[in-house]
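The block underneath contains the structure these notes are about, expressed in structure tokens.
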Amino acid sequence: MFPGEEGSHGGAAAIQVKCEIIEGLVTKCHFNHVVFENQLYDFEDLKQRYRTGTATEAALYNAVGGLWSTTAEIEPLLGLLHRKALAGDVILSVRTASIPRRVWVLRLSRY
């Protein structure tokens, strides 16, 4: 699942719908991989935190960044994803286009 942004980069209603879709896919359809678009280095730090069991919701908010971390609509979803990532039930990844000609995906897992 690749949650993206709407063309105007930020409507609370659009973010709410995306959060509900992602939550449903994870909880009801058992999707186990969510990819956010952001900077690679923030997720590299988060990956290390999940590996050592020191990841926090605040670290996830920081890694997700942008609109995904600044709206109240995402709080329940990030809490759910954080708990599932700590348990090893969900993989969180980053997609970044900041590296020319390549799209990198960094998997966050405890393994």
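Looking across the stretch 87-104, the residues that are modelled with pLDDT of 85 or more and either surrounded by fewer than 16 Cβ atoms within 10 Å (Cβ to Cβ) or in a loop (DSSP other than H, G, I, E, B) (or both) come down to A87, G88, D89, V90. Considering the stretch 11-37, the residues that are free of Cβ contacts under 8 Å to residues at least 60 places away in the same chain, in contact with a helix residue (DSSP H, G or I) (Cβ under 8 Å, 6 or more places away or on another chain) and more than 18 Å from V90 (Cα to Cα) include one that is surrounded by the most Cβ atoms within 10 Å (Cβ to Cβ), namely I15.
Taking Y50 as the residue in question, decide whether it is over 14 Å from I91 (Cα atoms) and either of a type in the set (K, R) or assigned to a helix (DSSP H, G or I) (or both). Steps first, please.
Numbers: over 14 Å from I91 (Cα atoms): no; either of a type in the set (K, R) or assigned to a helix (DSSP H, G or I) (or both): yes.
So Y50 does not fit the description; no.
Per-residue answers, yes or no, for (1) of a type in the set (A, V, I, L, M); (2) assigned to a helix (DSSP H, G or I); (3) modelled with pLDDT of 80 or more:
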residue: L60; (1), (2), (3): yes, yes, yes
residue: A63; (1), (2), (3): yes, yes, yes
residue: G79; (1), (2), (3): no, yes, yes
residue: H82; (1), (2), (3): no, yes, yes
residue: L106; (1), (2), (3): yes, no, no
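The values are calculated or read from the model by the stated rules, or taken from the named source; none is laboratory data. The shown structure was predicted, so the numbers you read here are calculated from the model rather than taken from an experiment. When we count neighbours, we look across all protein chains shown, and the Cβ atoms used for this are built from the backbone with ideal geometry, even at glycine.
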